[in-house]
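**Q** Take a look at this one; I'll ask things after.
The values are calculated or read from the model by the stated rules, or taken from the named source; none is laboratory data. Only a predicted model underlies this, so the values are computations on that prediction, with no experimental measurement involved. Every residue, glycine as well, gets a Cβ built from its backbone with ideal geometry; the counts of neighbours run over all protein chains shown.
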Amino acid sequence: MMFSKAEEIVGRDYIINDPGRLKDFTVDGKLPKVVVYPANVEEISQVIKLANKEDWTVMPWGAGTKRGMGGIPRKFDMVISLSRLNRILELELGNLHFTGQAGMTLHEAQETLAGKGRGYFIRLNPPFSKSATLGGIVAANSSGPSRFLYGSTRDMILGIGFVAPNGDIIRAGGRTAKNVSGYDIGKLIIGSLGSLGIISDVTFKFLPLPEKSATLAVILSSLEDTHDFTSGMLNSNLFPASIEILNTTAMHELSMDIPDNGKYVVAICTEGVKESVDRQLKDIEEMGKGSNAVEVRSYLGEDHVNFWKSLSDFPKIVAERYPYGIACKSNFLISKPAEMVKLWEDRAIKNGLSCALISRAGNGVLYSYLLLKDTIKEHLDALVNHLEDMTEEAVKRDGNLVIEFAPVALKERISVWGKSRDDFKIVQDLKKQIDPAGILNPGRFVGGI
Amino acid sequence: MEKENMISALKEIIKDERYVLSSDVDLLLYGYDASLYRGKPDVIVLPNTTAEVSEIMQFAYREKIPVVARGSGTNLTGGSIPGKGGIVIHFSRMDRVIEIDIENQRAIVEPGIFTLDFKNRLAPYGFVYQPDPASESVSTMGGNFAENSGGPLCFKYGVTTNHMLGAEVVLYNGEVTWVGGKALDNPGYDLTGLLVGSEGTLAIATKLLVRIMPAPEARKTLLAIFDTLKDAANTVSDIIEDGIIPATLEMLDKLTIEAVEASVHAGYPLDAEAVLLIELDGLKDGMERLADRIIKLCKQNKVRDVKAAKNEDERALLWAGRKGAFGAVARLETSYLCNDGTVPRNKLPEVLEKVVAVGKRYNLRIANVFHAGDGNLHPLVLFDDRNKADLEKVKLVGSEILKICAEAGGTISGEHGIGTEKIKEMGLIFSDEDISFKRKVKMVFDPEEIINPGKILPEAA
């Protein structure tokens, strides 16, 4: 029945329920009953209205790169694929704004912008650089190393179009750089993981490509030196685009060739006006040497581009190499990255776990990857123990810990969104008011809402 | 509730009679803001702590009394007027800096502190809080939070919301909670992002957590003088398309220049049709080359002259003209309406022409001083507020300008909010469905509609 009713809206060619094909849409071991491919926002609206009436749950789907995020779906009826909404709606060089439909990949948007006029770019470099879609990136509040300079999605989105759980087609924000016209609904939608609406299009600010960008890899032998170096940089008036700390395991996964006494690398990307990039490269190299760097390397041109691409795509590398791999993200005070790296390493060793660590040092974020290849069963207790421990440590530093992907066996035993926060009741009330029937992505967002 | 009982109940909470005001003069003074709208509260209360604010809200919720939180009342759209009477909570006593955490680049302040006072407290550390509304010497951080204030530096650094990371808020029923925090990306909905710019209609902030950053190493300030408004507007578009990101790109037109020169003597030439105030900031390296590129673009658009500030005094003088512009224009006529329509930057030249035409058609003088880099217009429509017909006329002019902005793909407020003034214009940019979605948000935060009621959203049909 679900099939035939939805088929009336999207047409025979744009709906599937064949189990063989549904397998591509597995989430935490569960399969949807149908997948629909609406052609436009009106069709999404009609499908949602129907779902609301029939009490079917709906999961929006871009490229499926965030399928591991969130709790295990409570009920999983229908996937709405955004793959047919893949067009550019507006591109205005004179206003620096770009509107793309939700199913378009960021990669395609960037290619288009790079080819216009003097060359432009959206200031985001999130993981899954080839496949991640605009809608998925916004829904998951996904970002990459360059957020230190440019901010995250919340800082660069001017407007969002979405379909509310009652089927209403809603426009939040617009295309102007400043906008205080009614509540900033876009902020609610960013990072809401499809729990409040299905994003149909996104308007981004963009910028001209920098005159120059370059990378320094500062290799250090201790975390004390790493801390001195990064905090010195943070408190100077230099403004690099990215500051990332990698541990030895992460460097190994990236096939970086490092000297024996090199234990950590701080990778810095600096970009912008040529003279200021040159000056920063010089100053940062000196600061590195002042912090007892074992070696300072510089990457230019293609080496530079490839380095950041593989660093951004690290979660993809882990997912491909480690069938039982786990990705976590902790947030905390920006003065604590080296301290957090140390805690992770020490406790992981104690618990017999191997972890690759990449800290977005300037933003107070640490991505930790537990590299499990063959099995998770025998590690489960240690993992739960370790992750609860690490959540507490992040909370002590004003943050939290979120699991970005993990095998179901672990998800069943742990809160993937970390410790409940002060404002959770408001989060719950918003969900209840906006999606009273609970049809959008139930079970996956914070607190299982 | 009887007014007398309300007053005595609040005196119970505050314990100090001096901070509960209800004289006729007080009711008049707290009934207005910088807009054309007026209201009248029943009582004004000046709490000293979050706990007191919480008790006030518990009381208001129990008795269903409207509450309006107020900073300095510089709001330009009637957002801070008590349109439905009730209690005005004035935050002037809660003006403390709670914490300056240099190591983590965060600060926590109370809402009543003047924005500039806070910045002056940061300066000795070599740190800045970037948002810089022109009214910052008197506007409060709480007001900036409520309005998502902008300012000349937004072009490069974004608006208030890009620098607000959390807040302690008192909810409709008096409950106190924190949203956001010192760390980024806390799990859950971005409630801080939602509350910033909600014009004090969802919750009452009692502490604000902001991002602070090291001050830029160098600045370069230019004043470009033009013989036509259009040349100035085209220069703005050219600078943006050329890929230069100045911190500031501000425009003042002839009438504004005249007013500024009569009051602050900033050295703007009286016979110019428009000036652009342009400032670059960041590392000193490469700055001169960028400045040269800007000057070249100005020349391509027939600039008459470009002056560069040679020292901090000259810079301060150029800025005094911009910062003092609203005050200066206020001397030209008994009153003005400050419009805040915002358009895509490339639409500026055509929209400006239309705005000028509207003024001519209604025979009202319009001074333009605005954030050109952001497409944020501020036509100041001059009128005599003793003349009833003019007051009606000016409202029509305001509404027409907003319509022009909406039709150009823009919006009806860049930084001043909707408040009381633009409720009926919400329909220019939002559908009934959009508005009903916003109303659901309001219902979550304020089910009894007691927090700054009657603002932003049109009444439900």
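**Q** Kindly indicate whether B:ALA272 is of a type outside the set (D, E, K, R), assigned to a helix (DSSP H, G or I) and in contact (Cβ under 8 Å) with a residue 12 or more places away in the chain.
**A** Considered against the rule, which asks whether it is of a type outside the set (D, E, K, R), assigned to a helix (DSSP H, G or I) and in contact (Cβ under 8 Å) with a residue 12 or more places away in the chain, B:ALA272 comes out as no.
**Q** Now for a separate question. Checking the structure you have, find out if any residue of the range B:164-184 is touching a residue at least 40 places away in the same chain (Cβ under 8 Å), of a type in the set (Asp, Glu), more than 11 Å from every other protein chain (Cβ to nearest Cβ) and more than 25 Å from B:THR74 (Cα to Cα). Spell out how you get there, then give the answer.
**A** Initial filter on the range B:164-184 (touching a residue at least 40 places away in the same chain (Cβ under 8 Å)): B:164-168, B:170-176, B:182.
Among the residues that remain, those that are also of a type in the set (Asp, Glu) are: B:168, B:175.
Now restrict to residues that are more than 11 Å from every other protein chain (Cβ to nearest Cβ): none.
No.
Each row is one residue, and each column tells you yes or no for (1) in contact (Cβ under 8 Å) with a residue 24 or more places away in the chain; (2) more than 14 Å from chain B (Cβ to nearest Cβ); (3) in contact with a His (Cβ under 8 Å, 6 or more places away or on another chain); (4) farther than 30 Å from A:THR153 by Cβ.
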site: A:GLU302; (1), (2), (3), (4): no, yes, no, no
site: A:SER310; (1), (2), (3), (4): yes, yes, no, no
site: A:ARG321; (1), (2), (3), (4): yes, yes, no, no
site: A:LYS377; (1), (2), (3), (4): yes, yes, no, yes
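**Q** Go through (1) more than 20 Å from the chain's Cα centre (by Cα); (2) buried (at least 24 other Cβ atoms within 10 Å of the Cβ); (3) at pLDDT 95 or above one by one and return the number of the condition B:VAL358 breaks.
**A** The one condition B:VAL358 does not meet is (2).
**Q** Scan the helices (runs of 4 or more DSSP H) fully inside the range B:307-374 and keep the ones with 3 or more residues being of a type in the set (D, E, K, R).
**A** Ranges flagged: B:312-323, B:348-362.
**Q** Looking at B:ALA9, B:ALA60, can you tell me which residue is closer than 15 Å to B:VAL170 by Cβ and either at pLDDT below 95 or of a type outside the set (D, E, K, R) (or both)? Lay out the reasoning, then the answer.
**A** Working: B:ALA9 fails: closer than 15 Å to B:VAL170 by Cβ.
Just a single option satisfies the conditions, and that option is B:ALA60.
**Q** So, one more: Regarding A:VAL138, is this residue more than 11 Å from chain B (Cβ to nearest Cβ) and under 25 Å from B:PHE145 (Cα atoms)?
**A** Details: more than 11 Å from chain B (Cβ to nearest Cβ): yes; under 25 Å from B:PHE145 (Cα atoms): yes.
Yes.
**Q** Looking at A:ILE284, A:ILE268, A:ILE258, can you tell me which residue is surrounded by 21 or more Cβ atoms within 10 Å (Cβ to Cβ), hydrophobic (A, V, I, L, M, F, W, C) and not in a helix (DSSP H, G or I)? Outline the logic, then answer.
**A** Values: A:ILE284 fails: not in a helix (DSSP H, G or I); A:ILE258 fails: surrounded by 21 or more Cβ atoms within 10 Å (Cβ to Cβ).
Just one listed residue meets the conditions, A:ILE268.
**Q** Residues to consider are A:TYR150, A:TYR120; find the one that is among the hydroxyl-bearing types (Ser, Thr, Tyr), within 21 Å of A:GLU211 (Cβ to Cβ), in contact with a Pro (Cβ under 7 Å, 6 or more places away or on another chain) and within 14 Å of another protein chain (Cβ to nearest Cβ).
**A** Details: A:TYR150 fails: in contact with a Pro (Cβ under 7 Å, 6 or more places away or on another chain).
When all the criteria are applied, what remains is A:TYR120.
**Q** Pick out the one residue from B:VAL303, B:VAL343, B:VAL264, B:VAL260 that is outside the structural domain of B:LYS156 (by TED's automatic domain parsing), more than 24 Å from B:SER413 (Cα to Cα) and touching a Ser or Thr at 6+ places or on another chain (Cβ under 8 Å). Reasoning before the result, please.
**A** On the way: B:VAL343 fails: more than 24 Å from B:SER413 (Cα to Cα); B:VAL264 fails: touching a Ser or Thr at 6+ places or on another chain (Cβ under 8 Å); B:VAL260 fails: touching a Ser or Thr at 6+ places or on another chain (Cβ under 8 Å).
None of the other options fit; the residue is B:VAL303.
**Q** Pick from the range A:192-248 the residues that are farther than 28 Å from B:TYR157 by Cα, not assigned by TED's automatic domain parsing to the domain that holds A:VAL446 and not aliphatic (A, V, I, L, M): which of them is surrounded by the fewest Cβ atoms within 10 Å (Cβ to Cβ)?
**A** Per the criteria, the residue is A:GLU224.
**Q** Something else now. Scan the range A:386-404 and give yes if some residue there is more than 9 Å from chain B (Cβ to nearest Cβ), out of contact with any strand residue (DSSP E or B) (no Cβ under 9 Å at 6 or more places or on another chain), over 19 Å from A:LEU353 (Cα atoms) and part of a loop (DSSP other than H, G, I, E, B), otherwise no.
**A** Checking the range A:386-404: not a single residue is more than 9 Å from chain B (Cβ to nearest Cβ), out of contact with any strand residue (DSSP E or B) (no Cβ under 9 Å at 6 or more places or on another chain), over 19 Å from A:LEU353 (Cα atoms) and part of a loop (DSSP other than H, G, I, E, B).
**Q** Looking for whichever is within 23 Å of B:GLY321 (Cα to Cα) and either surrounded by fewer than 19 Cβ atoms within 10 Å (Cβ to Cβ) or modelled with pLDDT under 95 (or both) here; the options are B:GLU415, B:GLU421. Which one fits?
**A** Numbers: B:GLU421 fails: within 23 Å of B:GLY321 (Cα to Cα).
One residue alone meets the criteria, B:GLU415.
**Q** Looking only at residues that are among the acidic types (Asp, Glu) and part of a helix (DSSP H, G or I) in the range B:240-269, which one is farthest from the chain's Cα centre (by Cα)?
**A** Step one: filter the range B:240-269 for residues among the acidic types (Asp, Glu), giving B:241-242, B:250, B:253, B:258, B:261.
Filter once more, so that each one left must be part of a helix (DSSP H, G or I): B:241, B:258, B:261.
Working: B:GLU241: 27, B:GLU258: 24, B:GLU261: 24 Å.
It comes out as B:GLU241.
**Q** Just checking, does the range B:235-246 include any residue being touching an Asp or Glu at 6+ places or on another chain (Cβ under 9 Å) and surrounded by 24 or more Cβ atoms within 10 Å (Cβ to Cβ)? Write out each step before concluding.
**A** Of the residues in the range B:235-246, the ones touching an Asp or Glu at 6+ places or on another chain (Cβ under 9 Å) are B:243, B:246.
This time we only want the ones that are surrounded by 24 or more Cβ atoms within 10 Å (Cβ to Cβ), so: B:246.
Yes; the residues of the range B:235-246 include at least one that is touching an Asp or Glu at 6+ places or on another chain (Cβ under 9 Å) and surrounded by 24 or more Cβ atoms within 10 Å (Cβ to Cβ).
**Q** Select from the range B:447-461 the residues that are within 13 Å of chain A (Cβ to nearest Cβ) and more than 13 Å from B:GLU199 (Cα to Cα) and write down the one among them that is nearest to the chain's Cα centre (by Cα).
**A** B:PRO458
**Q** Scan the range A:412-433 residue by residue and report those that are crowded, with 21+ Cβ neighbours inside 10 Å and either at the interface with another protein chain (Cβ under 7 Å from one of its Cβ atoms) or touching a Pro at 6+ places or on another chain (Cβ under 8 Å) (or both).
**A** Of the residues in the range A:412-433, the ones crowded, with 21+ Cβ neighbours inside 10 Å are A:416-418, A:421, A:423, A:426-427, A:430-431.
Result: A:TRP417, A:GLY418, A:ARG421, A:ASP423, A:ILE426, A:VAL427, A:LEU430.
**Q** A follow-up question, please. From the set of residues in the range A:271-281 that are hydrophobic (A, V, I, L, M, F, W, C) and assigned to a helix (DSSP H, G or I), which is farthest from the other protein chains (Cβ to nearest Cβ)?
**A** Start the filter on the range A:271-281 by keeping residues that are hydrophobic (A, V, I, L, M, F, W, C), which leaves A:273, A:277, A:281.
Within this subset, residues satisfying the condition of being assigned to a helix (DSSP H, G or I) are A:277, A:281.
Numbers: A:VAL277: 8, A:LEU281: 11 Å.
Checked the range A:271-281; the qualifying residue farthest from the other protein chains (Cβ to nearest Cβ) is A:LEU281.
**Q** Can I ask one more? Name the residue that is farthest from B:VAL397 (Cα to Cα), counting only residues in the range B:409-448 that are without any contact (Cβ under 8 Å) to a residue 40 or more places away in the chain and part of a loop (DSSP other than H, G, I, E, B).
**A** Of the residues in the range B:409-448, the ones without any contact (Cβ under 8 Å) to a residue 40 or more places away in the chain are B:423-440, B:443-444.
Subset that is part of a loop (DSSP other than H, G, I, E, B): B:430-431.
Details: B:PHE430: 21, B:SER431: 23 Å.
For the range B:409-448, the residue satisfying everything is B:SER431.
**Q** Residues to consider are A:GLY159, A:GLY191; find the one that is in a strand (DSSP E or B) and either of a type in the set (D, E, K, R) or within 12 Å of chain B (Cβ to nearest Cβ) (or both). Walk me through how you get there before you give the answer.
**A** On the way: A:GLY191 fails: in a strand (DSSP E or B).
Answer to the check: A:GLY159.
**Q** Determine whether the range B:194-207 contains at least one residue that is within 24 Å of A:TRP417 (Cα to Cα) and modelled with pLDDT of 95 or more. Spell out the reasoning first.
**A** Restricting attention to the range B:194-207, the residues satisfying the condition of being within 24 Å of A:TRP417 (Cα to Cα) are B:194-195.
After this cut, where a residue has to be modelled with pLDDT of 95 or more as well, the list is B:194-195.
Yes, the range B:194-207 contains a residue that is within 24 Å of A:TRP417 (Cα to Cα) and modelled with pLDDT of 95 or more.
**Q** Within the range B:341-354, how many residues are farther than 13 Å from B:ASN234 by Cα and either basic (Lys, Arg) or surrounded by fewer than 21 Cβ atoms within 10 Å (Cβ to Cβ) (or both)?
**A** Matching residues across the range B:341-354 total 1.
**Q** What single numbered condition from (1) assigned to a helix (DSSP H, G or I); (2) away from every other protein chain (no Cβ under 14 Å); (3) crowded, with 23+ Cβ neighbours inside 10 Å fails to hold for A:LEU85?
**A** (1)
**Q** Consider B:ALA262 carefully, then state whether it is within 14 Å of another protein chain (Cβ to nearest Cβ) and out of contact with any His (no Cβ under 9 Å at 6 or more places or on another chain).
**A** Values: within 14 Å of another protein chain (Cβ to nearest Cβ): no; out of contact with any His (no Cβ under 9 Å at 6 or more places or on another chain): yes.
So B:ALA262 fails the test.
**Q** Can you go through A:LYS289, A:LYS274 and tell me which one is free of Cβ contacts under 8 Å to residues at least 60 places away in the same chain and surrounded by fewer than 19 Cβ atoms within 10 Å (Cβ to Cβ)?
**A** Sole residue among the options that is free of Cβ contacts under 8 Å to residues at least 60 places away in the same chain and surrounded by fewer than 19 Cβ atoms within 10 Å (Cβ to Cβ): A:LYS289.
**Q** Of the numbered conditions (1) touching a helix residue (DSSP H, G or I) at 6+ places or on another chain (Cβ under 6 Å); (2) surrounded by fewer than 16 Cβ atoms within 10 Å (Cβ to Cβ), A:ASP346 satisfies every one except a single condition; which is it?
**A** (1)
**Q** With within 14 Å of chain A (Cβ to nearest Cβ) and out of contact with any Leu (no Cβ under 6 Å at 6 or more places or on another chain) as the only criterion, which of B:LEU270, B:LEU283 stands out?
**A** On the way: B:LEU270 fails: within 14 Å of chain A (Cβ to nearest Cβ).
None of the others qualify; the one that does is B:LEU283.
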